[in-house]
1. For THR113, are the conditions met, namely being more than 21 Å from VAL92 (Cα to Cα) and either polar (S, T, N, Q) or open to solvent by 30 Å² or more (accessible area, probe 1.4 Å) (or both)?
2. Just to check your reading of the model, which residue among THR97, THR72 is surrounded by 14 or more Cβ atoms within 10 Å (Cβ to Cβ), among the hydroxyl-bearing types (Ser, Thr, Tyr) and farther than 30 Å from ARG209 by Cα?
3. If I filter the range 410-421 for residues that are open to solvent by less than 40 Å² (accessible area, probe 1.4 Å), modelled with pLDDT under 85, assigned to a strand (DSSP E or B) and aliphatic (A, V, I, L, M), do I get at least one hit?
4. With (1) open to solvent by 40 Å² or more (accessible area, probe 1.4 Å); (2) under 26 Å from LEU373 (Cα atoms); (3) not in a strand (DSSP E or B); (4) not aliphatic (A, V, I, L, M) as the list, and PRO287 as the residue in question, which single condition is left unmet?
5. So which residues in the range 79-94 are under 20 Å from TRP54 (Cα atoms), open to solvent by less than 80 Å² (accessible area, probe 1.4 Å) and either in a loop (DSSP other than H, G, I, E, B) or among the hydrophobic types (A, V, I, L, M, F, W, C) (or both), if there are any at all?
6. Starting from residues that are hydroxyl-bearing (Ser, Thr, Tyr) and closer than 25 Å to THR169 by Cα, keep the ones in the range 71-125 and report whichever is nearest to the chain's Cα centre (by Cα).
7. Please specify each residue of the range 198-217 satisfying the condition of being closer than 21 Å to TRP115 by Cβ and of a type outside the set (Phe, Trp, Tyr).
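The values are calculated or read from the model by the stated rules, or taken from the named source; none is laboratory data. These numbers come from a predicted model, not from an experiment. Counting neighbours? That spans all protein chains shown, and the Cβs are built from the backbone with ideal geometry, glycine included. Side chains are part of the model used for accessible areas, which takes the heavy atoms of the whole protein and leaves out ligands, DNA and RNA. Shrake-Rupley method; radii C 1.70, N 1.55, O 1.52, S 1.80 Å.
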Amino acid sequence: MKKVFCFIFALACMLACNKASEEAIPVQKKTTISVGIDLPQTKTELTRNVDILWSEGDKVAVDTDSGIKVFTLESGRGSAFGTFSINEAVTVKSSATSFYPASMSPSYNSEDTKWHVNLPATYEWAENQVQAPMYAWLNGGYNSFRLLTSVIKVDIYNIPEDASKLVFTTFGEVVSGDYVFGGDCLEVVAGESNKSITINFTAGDAADRTFFIPVPYGSYSAGATFVLKNSANESLATKTTPAAIKVGKQAVSYFPAINFSAQKTKMIVWEGSKNVGESEWENFALPMDLELWKSLPVGTDVTVYLSRTDAGKYAQMQPACQYTSEWKWSDLADGAEVTGETTQRTFTLTDDNVAKLTNDCQSFIIRGENFTLTKVEVTLPKPERIIWTGSSNLGDWALDVGTDIPKSYWSNLPLGSSAVTIYFTEDGSVSDEAWSQVHFQAKTSPDWTDLGHNTYQKASGHRSYCCISLSSDNIASIQDNGVSIRGLGLIITKITLR
């Protein structure tokens with residue numbers, strides 16, 4: 001009897017323990033939200049330049065009945081639509097105010113009845129990705145994030161190998177720290193603290209990088225500095241904007257490229273093979289776009305690549321500007337003998353020869369005898385800004401490349417001192433005797449306003465670019481309307497600005 005009692009007691013204890021064990025296992029709780037990134041104001045605006053996409057580890061702060069809660073990306077990495085979750089059962093408020101990244105520590109201030117966010121002072125570099133702060137109102141039928149700040153895009157060349165951070169600093173505006181969120185994109189405010197943003201990157205990985213710097217929109221009256229530093233926070237190189245800068249609201253502002261090196265940028269304006277003056281002195285007119293000269297500053301070097309054709313004969317070369325006929329020209333530099341060792345000759349643009357090239361010049365000619373011309377190259381004092389790259393066949397006026405260039409690109413151009421260069425190749429649809437064309441236009445309603453174009457016959461020499469100088473009126477027009485790039489017979493490969 002005692003044994004039976006003990007067995008029953010032991011069994012009861014076992015069952016009780018099992019029941020207690022089952023009750024101790026917590027019920028898994030989870031809350032999930034699905035959110036996107038506002039296409040009209042972000043991703044579409046940045047076509048072919050940058051994407052705003054969700055990344056592994058992204059976190060958003062969401063206003064719930066239990067206060068601000070942090071949700072982590074569960075799925076949707078690499079896309080503009082993602083699912084975020086939290087391992088809690090929470091109720092997301094109707095039209096819940098939400099922020100990305102959650103590290104901004106958003107809070108509601110009962111004194112001023114405003115939301116406050118802490119704009120980051122440091123970001124990690126990511127290729128072709130903006131990590132800009134965003135906001136959204138969830139459960140309101142429009143679960144999409146939009147830019148809380150605007151963005152500065154800047155291409156930087158020749159970064160020192162030991163540089164590991166880029167520091168952007170204003171002279172009198174606040175770009176990080178506490179900001180009041182009033183339900184819209186944040187506007188810049190004046191202040192003497194929190195004036196810097198640092199972008200960290202891996203030293204030595206790349207000499208050229210594109211940086212995206214999230215900043216409040218508006219005017220920065222005294223400009224700013226871009227400083228490259230090493231891991232010890234020592235300054236390696238500094239560039240200062242030449243004047244006040246302006247950043248468009250909820251947009252990406254494309255700043256002039258920065259070259260942190262004395263190395264200059266070269267541009268080939270003609271390449272081929274032409275025997276000049278085989279039997280007598282000859283003027284050879286280069287089949288090139290003369291608009292180029294209007295965009296080149298004094299001090300630009302022009303290099304002519306050549307070699308002597310007949311070793312037994314005297315050879316000489318001289319660059320010149322040809323006017324109304326073959327017999328009216330003005331020399332741009334002194335003539336030079338071409339010896340057996342000569343491979344190139346360089347002359348520098350002065351005030352005098354820039355005036356010659358831009359006033360009634362009909363052709364840029366290479367004069368002389370007994371040499372073979374292979375290339376003409378200009379050395380630019382600063383790098384070109386890349387507006388667009390790709391491969392788009394214009395067809396027969398069928399394609400408009402300009403739709404891929406956001407209007408915000410043009411918001412920061414210095415008036416009256418810019419030039420656009422459109423690079424292209426031929427698509428083979430136009431015969432040697434027919435005309436290929438590329439037109440750069442402002443999209444003024446109801447029609448386009450032509451700002452410049454290149455029309456040429458292949459029979460007169462193959463070209464690879466079209467250079468268009470922009471006046472203050474041109475720039476004002478495209479800032480308001482955007483641009484259209486159309487034509488026929490050509491494949492557009494790159495568009496740059498200087």
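1. Values: more than 21 Å from VAL92 (Cα to Cα): no; either polar (S, T, N, Q) or open to solvent by 30 Å² or more (accessible area, probe 1.4 Å) (or both): yes.
For THR113, the condition - more than 21 Å from VAL92 (Cα to Cα) and either polar (S, T, N, Q) or open to solvent by 30 Å² or more (accessible area, probe 1.4 Å) (or both) - is not met.
2. Numbers: THR72 fails: farther than 30 Å from ARG209 by Cα.
Step by step, each of THR97, THR72 is checked, and only THR97 is surrounded by 14 or more Cβ atoms within 10 Å (Cβ to Cβ), among the hydroxyl-bearing types (Ser, Thr, Tyr) and farther than 30 Å from ARG209 by Cα.
3. Scanning the range 410-421, I find at least one residue that is open to solvent by less than 40 Å² (accessible area, probe 1.4 Å), modelled with pLDDT under 85, assigned to a strand (DSSP E or B) and aliphatic (A, V, I, L, M), so the answer is yes.
4. (1)
5. SER79, ALA80, PHE84, ILE86
6. The initial filter retains those residues of the range 71-125 that are hydroxyl-bearing (Ser, Thr, Tyr), namely 72, 75, 79, 83, 85, 91, 94-95, 97-98, 100, 103, 105, 107-108, 110, 113, 122-123.
When the remaining residues are screened for being closer than 25 Å to THR169 by Cα, the result is 100, 103, 105, 122-123.
On the way: TYR100: 23, SER103: 27, SER105: 30, THR122: 20, TYR123: 18 Å.
Result: TYR123.
7. Within the range 198-217, the first condition is being closer than 21 Å to TRP115 by Cβ, and the residues that meet it are 214-217.
Within the range 198-217, PRO214, VAL215, PRO216 meet the criteria.
For (1) in a loop (DSSP other than H, G, I, E, B); (2) touching a Ser or Thr at 6+ places or on another chain (Cβ under 8 Å); (3) surrounded by fewer than 20 Cβ atoms within 10 Å (Cβ to Cβ); (4) of a type in the set (Lys, Arg), each residue gets a yes or a no:
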{"position": "THR238", "(1), (2), (3), (4)": "no, yes, yes, no"}
{"position": "PRO242", "(1), (2), (3), (4)": "yes, no, yes, no"}
{"position": "LYS249", "(1), (2), (3), (4)": "yes, yes, yes, yes"}
{"position": "SER261", "(1), (2), (3), (4)": "yes, no, yes, no"}
{"position": "LYS274", "(1), (2), (3), (4)": "no, yes, yes, yes"}
{"position": "SER279", "(1), (2), (3), (4)": "yes, no, yes, no"}
{"position": "ASN283", "(1), (2), (3), (4)": "no, no, yes, no"}
{"position": "PRO297", "(1), (2), (3), (4)": "yes, no, yes, no"}
